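Heads up: the structure comes next, in structure tokens.
What follows is calculated from the coordinates using simple rules that are stated; it is not laboratory data. These figures come from a predicted structure and were not determined experimentally. Methodologically, a virtual Cβ is constructed for each residue, glycine included, from the backbone with ideal geometry; neighbour enumeration extends over all protein chains shown.
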Amino acid sequence: MLNQILKEKRKELKLTQQQVADSLNVTRQTLSSWEVGKSFPDIPTLIKISNFYQISIDYMLRGDVDLMKKVEKDANELEKYQKITEILKMIVYGLLIVTFFYGAGYAIGKGWGHFMP
């Protein structure tokens, strides 16, 4: 399981929790929580851990059902976030277009005003 791998790798390299936590930009308490299996790192942090310990993500995740559920949940949340971002972009672009045409219409209307008695 991931918690055992993290603890064993840290001890193998003779590092303290604080040293590893500093390298991964997390708190020592967060690292401790991962090592005892109370919580799991998110996907970007898993990549950092993989690079730091020079072990594959596949090796870290294989067989850890709870962590695989967390990874799947994170992936679903990321997908939802991306969809929401696309919708917000469309709304903003639509508002910009409406604003442009409103402004252009107003400017044209003011311009025609000079030709009317």
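Between I43 and K14, what length in nm is gained on full extension when 0.36 nm per residue of separation is reduced by their alpha carbon distance?
So the extension gain works out to 7.9 nm.
Could you tell me which helices of the chain pass both thresholds, a Cα extent of 20 Å or more along their own axis and a mean Kyte-Doolittle hydropathy of at least -0.5, with helices taken as whole DSSP H runs?
Span-like helices, by this rule, are 65-113.
Starting from the Cα-Cα distance between Y59 and N25, subtract it from 0.36 nm times their residue separation and give me the gain in nm to one decimal.
Going from the current span to full extension adds 10.0 nm.
Mind ordering 101-107, 60-66 by average Cβ neighbours within 10 Å, highest first?
60-66, 101-107
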